[in-house]
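Undergrad: Quick one: structure below, then a few questions.
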Amino acid sequence: MYPPHIRELIRRARSARLPATKIQQLTGVAPRSQRRIARQEDFGKMGSSEFRETAAACQETRRPGRPSELPAPCRQQIAALLVEAPRMKGAEVLRRLRSEHGYQAGKNPVYRYLQQVRPTPPPLAPVVRFEGLPGEFAQHDFGALTVTYTDGTTAKLTFYAGRLKYSRALHVCLVENEGTEAFLRGLEAFAEVMGGLPLLNVIDNAKTAVIRRVRDPESGQERIQYNEQFAAFLAAVGVLAEPTAPYAGNQKGSVENLIRFVKEGFLLARRFRDRDDLEAQLTDWLAHVNAERPCAATGIIPAVRLTEEQPYLRPLSWGKDGFGLTFAAVVRRDGQVRCGGFAYSAPAAWIGQTVTVKRHREAVVLHYQGATVRHPRRPENGRYSLLPEHREALFVKPRGAIMAKRQIVLDACPAAAAFFTDLVHRRPQTWRQHDLPLVWTLYEAWGARKLNEALARCVAQGTIGGEYLQAQQLGVAA
């Protein structure tokens, strides 16, 4: 693009009928470019009506881009897809046309055709606000927010929130994630505070609770498939769930702003030093909104209405362990069952059998033919839980007993790795017969923590051997 003063100089020179070569000497513009600039100048002087006529003529003679009409087979395929799912999104229609029917053209013809054939949506109906009866409804949901502490550090928090509809009693607790177990633990905590769960529990359509919704094409009835663990929880308590319809958050009634209420009323309204301070302030805030301040919707303190509601709530039927998420697992050749990233020992007679694993808040319980085995949920060594009564099965063969005992000590005591490394190289012929039995005896007598301290002292002093550990035992005893 040449600057305006050059274009004006070319226009004047051509008006004075100067030769193209002379104009090129004056402006540096080639003759061909001079003619193009002259045509552009003449086109710009055309009147508005004349310009519109020329533009319309150009549009009639030349339509750039792909044609917008879909072929008849594609229209029939789209019609079949809309019969199957009238609210199917345009992106999904386009994907299925390409993957299942070989459609290769662009997306715009498909979207334009969908606009033509989709039925006109009905006018919006008014939103119905309704109040619940005592013990009838509660709303449960997850929320997430990044909080900045007073020292400048940030943390992303995930929380569960539940609220009874009649009394407006509220409970909030921090959870690790938005998984199924976190949701069930939130429901447990809510029920323990309120005295039980109401008959109907309104939830969102998250995968933590609802796997999918299937509508019968003939009857039009919808069937909801719940998450297995969530369905078992509901059955154990004796209550029902009421998932909201997709894209219909206002179906939750008059407490649908629960998550926003928690964020704006607590998380964004206060400052926190750290997570412990946040949890302490959360306890104070819940006591205030539940037992001191009248609810803006009812004008009554929630704790007052809660006393009317509690006789209609369903209390939890299990004990202090909490609800046990149920899984099936096979006992492996090493006599262990894997669940949740950890391994748990089982009797040798259970090897190869399918057992029921119940994962509680702080414990994992294995069930098989009426017998049970209880483990701490988080093993002390961070990898597996091996009960003392299950060790003997590992000590049947002599060499297996030696290596099994050494491995158990290595897994339980971090300092044992350095101790045994030096021991094996210093006493390659005698550590099995003389040193390991002493180490194992002290492990059973002292436990992992005390033995680890003794091993660490031996490594620091360079005194590697069972007799040095035995000397420490005598010194401690004295």
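None of the figures in this text is laboratory data; all of them are computed from the coordinates on show. Just so it is clear, the structure is predicted and the values come from calculations on it, not from any experiment. No Cβ is skipped: glycine too gets one built from the backbone with ideal geometry, and neighbour counts run over all protein chains shown.
Undergrad: Binning at 5 angstrom from zero up to the longest distance, how are the C-alpha pair distances of region 72-117 distributed in percent?
TA: P(r) for region 72-117, in whole percents per bin: 5, 23, 42, 25, 5.
Undergrad: Ok, one more. Taking 0.36 nm per residue of separation and subtracting the Cα-Cα distance, what length does fully extending Lys207 through His5 add? Can you show the working numbers first?
TA: Numbers: separation 202, 0.36 × 202 = 72.72 nm, distance 6.76 nm.
Extra length available between Lys207 and His5 comes to 66.0 nm.
Undergrad: What is the Cα centroid distance between region 392-413 and region 191-231, reported in whole angstrom?
TA: Value for the Cα centre distance between the two parts: 48 Å.
Undergrad: Stokes-Einstein D for region 295-337 at 37 °C, 0.692 mPa s, Kirkwood Rh over Cα pairs, in µm²/s? Can you show the working numbers first?
TA: Working: Rh = 15.1 Å.
The diffusion coefficient I find is 217 µm²/s.
Undergrad: Among Ala303, Thr463, Gly102, whose Cα lies farthest out toward the positive end of the dipole of the chain, if unit charges sit on the beta carbon of Lys, Arg (+1) and Asp, Glu (-1)?
TA: The one lying farthest along the dipole's positive direction is Gly102.
Undergrad: Using 1/(1 + (r/R0)^6) with R0 = 35 angstrom and r between the beta carbons of Glu242 and Arg98, what's the FRET efficiency to the nearest 0.05? Write down the numbers at each step before the final one.
TA: Numbers: r = 38 Å, r/R0 = 1.08.
Efficiency, from the Cβ-Cβ distance: 0.40.
Undergrad: In degrees from 0 to 90, rounded to the nearest 10, what is the angle of the helix 275-291 Cα long axis to the longest principal axis of the chain?
TA: 80 degrees
Undergrad: For region 137-312, what proportion of DSSP beta bridges, expressed in % and rounded to the nearest 5, is antiparallel? Write out the running numbers ahead of the final one.
TA: Working: 22 of 29 bridges.
For region 137-312, the DSSP antiparallel bridge percentage is about 75.
Undergrad: Expressed as an acute angle from 0 to 90° and rounded to the nearest 10, what is the orientation of the C-alpha long axis of helix 436-446 relative to the principal long axis of the chain?
TA: 90 degrees
Undergrad: Compute the separation of the alpha-carbon centres of region 266-332 and region 75-128 and state it in Å as a whole number.
TA: Cα centroid of region 266-332 versus Cα centroid of region 75-128: 44 Å apart.
Undergrad: Treat the count of other C-beta atoms within 10 Å as a stand-in for reagent exposure and order Thr120, Thr244, Thr21 from fewest to most. Present the calculation step by step, with values, prior to reporting the outcome.
TA: Working: Thr120 5, Thr244 18, Thr21 9.
In increasing order of surrounding Cβ atoms, one gets Thr120, Thr21, Thr244.
Undergrad: A further question follows. Test of understanding: given the chain, find the longest segment containing no GluC sites (Glu not before Pro) that are in a DSSP loop and have at most 14 other Cβ atoms within 10 Å.
TA: Values: sites that count: Glu69, Glu131, Glu176, Glu218, Glu292, Glu362, Glu380.
In the chain, the maximal stretch lacking such sites is 381-478.
Undergrad: A follow-up question, please. Using 7 Å Cα-to-Cβ label points, what is the Arg32/Arg338 separation (nm, one decimal)?
TA: According to this spin-label approximation, the distance is 7.1 nm.
Undergrad: How big is the chain along each principal axis, measuring the range of its Cα positions in Å and listing the largest first?
TA: 122, 71, 54
Undergrad: Using helices alone, what [θ] at 222 nm do you get for the chain, with -39,500 (n - 2.57) per DSSP H run of 4 or more residues, divided over all residues and rounded to the nearest 500? Spell out each step's value before the answer.
TA: Working: 17 runs with 201 residues, N = 478.
Counting only the DSSP helices, I get -13000 deg cm²/dmol.
Undergrad: Report the residues of region 353-376 in range of a label on Glu389: point 7 Å along Cα→C-beta, backbone N strictly under 18 Å from it.
TA: Answer for region 353-376: 355-358, 363-376.
Undergrad: Which pairs break 19 Å Cα to Cα here: Lys405/Lys450; Lys320/Lys358; Lys107/Lys207?
TA: Details: Lys405/Lys450 17 Å; Lys320/Lys358 14 Å; Lys107/Lys207 31 Å.
With Cα atoms farther than 19 Å apart: Lys107/Lys207.
Undergrad: Tabulate in residue order the Karplus-calculated ³J(HN,Hα) for region 298-308, using 6.51 cos²θ - 1.76 cosθ + 1.60 with θ = phi - 60°, rounded to whole Hz; enter x for Gly and Pro.
TA: 9, x, 10, 5, x, 4, 5, 5, 4, 5, 6
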